[in-house]
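Enquirer: Below is one structure. I have some questions about it.
The values are calculated or read from the model by the stated rules, or taken from the named source; none is laboratory data. Predicted model, so just to flag it, every value in this text is computed and none were measured. Please note: Cβ atoms are built from the backbone with ideal geometry, for glycine as well, and neighbour counts cover all protein chains shown. SASA here: full protein model, heavy atoms, side chains in, ligands and nucleic acids out. Shrake-Rupley method; radii C 1.70, N 1.55, O 1.52, S 1.80 Å.
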Amino acid sequence: MNGSPAAGGAPAAASPWEDLVTTALLGTDRRPPAVAPGGQAPAALLDAAAVATVRRRAGLRPGRAAPRPEPAPRDPRPALPAAASRRLAILLADRPGGGGGGRRGSSPDLIELLPQWLAAAGAHGYAAPPQALPALLDAARGRTDLRPAALAFAGPRALWLARLNPDWRFALRSAPGGGATLPDPADGEAVRRLWEEGLFAERVALLAALRARTPAPARELLASTWPTERAEDRLMFLDSLRTGLSLEDEPFLEQALGDRSRNVRSTAAELLSTLPGSALAARMAVRAAACVALDRTGNSPTVVVEAPPECDPGMERDGVAAKPPTGRGERSWWLGQLVEAAPLGIWAGRLGGRTPEQIVGLPVADDWQAELHAAWCRAAVRQGDAVWSRALLGTPSAPEAGGPGAVSLAERAKLLGALEPEERAVWVAGFIATHGLSEAFQLLGVCAVPWAAPLGRSVVDALDIARDAGSYPWSFSGVMGLAERCLDPAEATRLEGLLTLPDEREDASPGAGGYWAEAFQRLTATLRLRAAMAAELRPETPSRPGSPLPSGPLQGYGG
């Protein structure tokens, strides 16, 4: 019962601790302790257990000696200004969900400002304070969206620290090459050794680094081991060719069109289709042009579409997926892929020398307009064509789903990405002025931060109109949160007139006025806080320990 058999078959004697545990389990009446039998037995048992516990805790054997960790690497970046360092500590101390309840109050949401702060500090090139590294790693562990900026700001010392704590191992996986030091690209022998003997993450990081500096040698390195790579690895390596992609890559990508993996073939075809001068783009142009023509026999020119009758082996080799998704017709599926992969430059010659704007304004026969325009949208996004994107977007005052080209807000959001930031902001501002904020959330998400002045004014004006109309403020919580992070801090001045509690209309939602006032107070406080954070990050700004947040002239965040 007490102990295992000892050598020679005799049972081993129980340790004093095991003896105490056995007595406690059986009870002192059934098994009186040797220390004090009788009525004092329970108290004596507990005293003996307490003494044994102290002895066990005080008598731990020291751990086995191990080599001391290597010193942390030096971080050569300049130190963070003192005021910014204190601000970082405050932001990292805030935890999501700490406010409780659904009402956010008028105080800024600090945890939502942390990504902006990290981006701004990274843009200045500061090193993270050593004492902040554990909290930075904890924050990055809890929020995957923070990891790129947090780990970049944390620097090499965070990776050194992550090797000492299993909870932070994610940082090593997230860092290029698993945190390993990549060889000098000029050291051909070291590069070759890492490529042939390194871990997958190290090889991906090496290929990406080489591709960014010298695209051709990087491609040749990949080609040297291509036949022996696994399909999933070939796909990841192939994706790295997006950096520095040119017609010099065409022979390699053409060869990849015959790969055993469908995903590899599809990615190779996509890359080739972004090169208007490639042979694949020319083949797709011939196929797409055979499906779309201009009919001049009616009162006005009309685009007519004849979808391909089959998906032949040549189309499949060029990346056309033969099997459509559930609920999608085969011929329309094939047509969409052909038009998407064809160079947009062919359509002017095919459709009467018209401009993109004139082409998307043409009527399309037999209900093919949505399919054709959607394919042109995908082509404009893939090829980054601003002229076609502008034509497909149409004017911002057009109906949400009835514009000249774009068929959905999601597609419009993608098309906006091909425009310059200023033009993008003006277009979205015009959309909000016509349609309000309800449908604008997706579009606001693709605009550069901080929002340009026309866009900022449009958002504030729309919020003001919604408040005066007695709208539900909760319907605009998403846009309000976006405005807190993206509105230029200079707009805080214009918001001062909206901070008071408005007279509620009879038909307004009960309590809406109070919520609106609170939301505008929070927005204003957040903008002032962002201005203060930007000032603290400027190297030339003198920091005064314990100084209050500045509330003077506002500055653009991240300037």
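Enquirer: Set the Förster distance to 25 Å, then compute FRET efficiency between D167 and E232 from the Cβ-Cβ distance, nearest 0.05.
Expert: It comes to 0.35.
Enquirer: Report the GluC sites (Glu not before Pro) located in the stretch 307-337 that are in a DSSP loop and have at most 14 other Cβ atoms inside 10 Å of their Cβ, or state none. Kindly include the intermediate steps, with their values, before the conclusion.
Expert: Values: sites: E310, E316, E330; in loops: E310.
Answer in residue order: E310.
Enquirer: May I pose another question? May I ask you to order 77-85, 372-380, 258-266 by the average number of other C-beta atoms within 10 Å around their residues, highest value first?
Expert: Top of the packing list down: 372-380, 77-85, 258-266.
Enquirer: Next question, about the same structure. If contacts are Cα pairs under 8 angstrom and at least 6 residues apart, what is the relative contact order of the chain in percent?
Expert: 10
Enquirer: Once every DSSP H run of n ≥ 4 in the chain is given -39500 (n - 2.57) and the sum is divided by its residues, what mean residue ellipticity at 222 nm do you get, rounded to the nearest 500 deg cm²/dmol?
Expert: -15500 deg cm²/dmol
Enquirer: Probe of 1.4 angstrom, ligands and nucleic acids ignored: what's the accessible area per residue over the chain, in square angstrom?
Expert: Values: 28830 Å² over 559 residues.
The answer is 52 Å² per residue.
Enquirer: Using all C-alpha to C-alpha distances in the chain, build P(r) with 10 Å bins and read off the rounded percent in each one.
Expert: 3, 12, 16, 18, 18, 14, 8, 6, 4, 1, 0, 0
Enquirer: So for each of 479-486, 356-363 I average, over its residues, the number of other beta carbons within 10 Å; can you give me the resulting order with the highest mean first?
Expert: Details: 479-486: 20.6, 356-363: 17.9.
Most protected by this proxy first, the peptides run 479-486, 356-363.
Enquirer: Once label points are set 7 Å from the Cα along Cα→Cβ at both A282 and A152, what is their separation, rounded to one decimal in nm?
Expert: If labels sit at A282 and A152, their model points lie 4.0 nm apart.
Enquirer: Taking the highest mean first, how do the peptides 294-304, 218-228 order by number of other beta carbon atoms within 10 angstrom per residue?
Expert: Details: 294-304: 12.1, 218-228: 16.0.
Ranked by mean Cβ neighbours within 10 Å, highest first: 218-228, 294-304.
Enquirer: Then there's this: If you roll a 1.4 Å probe over the chain with all protein chains in place, what percent of the accessible area is carbon or sulfur? Numbers along the way, then the final one.
Expert: Numbers: 15850 of 28830 Å².
Roughly 55 percent, rounded to a whole number.
Enquirer: Using +1 at the Cβ of each Lys and Arg and -1 at the Cβ of each Asp and Glu in the chain, identify which of A135, V304, S438 lies farthest towards the dipole's positive end.
Expert: After comparing all options, I get A135.
Enquirer: Provide the gained length on full extension for the span R192 to S477, in nm with one decimal, where the gain is 0.36 nm per separating residue minus the Cα-Cα distance.
Expert: Taking R192 through S477 to full extension adds about 97.2 nm, to one decimal.
Enquirer: Also, I was wondering about something else. If the chain between E357 and T274 were fully stretched, how many nm would it gain, using 0.36 nm times the residue separation less the Cα-Cα distance?
Expert: Once the chain is fully extended between E357 and T274, it gains 27.7 nm.
Enquirer: Suppose R0 equals 60 Å; then what is the FRET efficiency for A34 and A410 from their Cβ-Cβ distance, rounded to the nearest 0.05?
Expert: After rounding, the FRET efficiency stands at 0.15.
Enquirer: A further question follows. Multiply the residue separation of R74 and E248 by 0.36 nm, subtract the distance between their alpha-carbon atoms, and state the gained length in nm to one decimal.
Expert: Extra length available between R74 and E248 comes to 58.6 nm.
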